[in-house]
Amino acid sequence: MFDFGKKKKQKEKASLLAMLGIGAASLAAAFFLSERYKPEETKKGFGSFGTNPWSFKKMSVLIAVVVVLMMIVQFSGLDKYFKTSLFDPLEQATILEIGEKEIGKPYCLGGTGPDCFDCSGYVQSVMKRAVGVNLPRTSRDQATIGEAISLEDAGIGDLVFFYTNPSAPTTVSHVGILATKDGKFLNANSWLGKMMYDDLNVEYWLTRLAGIREIQ
């Protein structure tokens, strides 16, 4: 089972180190600017300001405030409101465009296209053509790629996994591609026999959700 919704310590440590690095680099830049633009030069370059707007003290305070705010956002959980996906908007649009072109094509066990697909074959094909990501062939193996994230952190292009096989209730057996922030996803639906949109908010899917992974 995935570490669904779990925040990893390594990720937090890396974020903290990155913020401290940004702060240190910014302080160095502030010091350079304060030395570069002396008051006499500033009066010529900035006219009516009359004093050095690049003073090291002012810049240091400003940078400290920015770094503190970044840390608050990161470690308070507010960052979830800014996260969407590792894919940029153009890549997201391409994933949806290619995925939607296959809607209505028939489901077939073991199918990898172009005429029919099973769930993992569909995801593998779409992600390869849309963003050049090479995924394993089966949903179980695809569930080992990338990083597990929570539903609220997920974005377009992330993969959603499910336990749909009653004879193996703890083994991933279905996969889809998240298409909207409110839970719509593209998949090869074996029950209805075609490529289509489904909704995570539907009880069947929500109660069988194994986890969500962002592909890196």
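Every number here is computed from the coordinates shown, using simple stated rules; none is lab data. Model, not experiment: these values are computed from the prediction. Note that each Cβ is placed from the backbone with ideal geometry, even for glycine, and that neighbours are counted across all protein chains shown.
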Problem set entry | Relative contact order (%) - the stretch 106-216, alpha-carbon pairs under 8 angstrom, separation at least six | 29 percent
For this session: Please state the charge dipole magnitude for the stretch 82-200, taken about the Cα centre, from unit charges on C-beta atoms (+1 on K and R, -1 on D and E), reported in debye and rounded to the nearest 20.
Result: 320 debye
Seminar exercise, completed: Residues Val126, Val133, Val66 in order from fewest to most other beta-carbon atoms within 10 Å are Val66, Val133, Val126
Seminar exercise, completed: Expressed in nanometres to one decimal, the distance between label points 7 Å along Cα→Cβ at Tyr197 and Lys184 is 0.2 nm
For this session: Using θ = phi - 60° and the Karplus relation 6.51 cos²θ - 1.76 cosθ + 1.60, list the HN-Hα couplings for the stretch 122-133 in order, rounded to whole Hz, with x at every Gly or Pro.
Result: 5, 4, 4, 5, 4, 5, 5, 6, 7, 10, x, 8
Seminar exercise, completed: The set of residues whose placed amide H lies less than 5 Å from the amide H of Gly146, leaving out same-chain residues fewer than 5 positions away, is Gln216
For this session: Counting other beta carbons within 10 Å of each Cβ, put Tyr122, Tyr163, Tyr197, Tyr107 in order, fewest first.
Result: Tyr197, Tyr163, Tyr107, Tyr122
Exercise. Any idea which of Thr171, Gly146, Leu192 is furthest toward the positive side of the dipole for the stretch 129-200, if Lys and Arg beta-carbons carry +1 and Asp and Glu beta-carbons -1?
Worked result: Leu192
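What GluC sites (Glu not before Pro) in the stretch 94-190 are in a loop by DSSP, with at most 14 other Cβ atoms within 10 Å of the Cβ? Kindly include the intermediate steps, with their values, before the conclusion.
Values: sites: Glu97, Glu100, Glu102, Glu147, Glu152; in loops: Glu102.
In loop regions of the stretch 94-190 (DSSP not H, G, I, E or B), there are no sparsely surrounded GluC sites (Glu not before Pro).
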Problem set entry | Simple label model, 7 Å out from Cα along Cβ direction - Lys101 to Asp141, nm | 2.5 nm
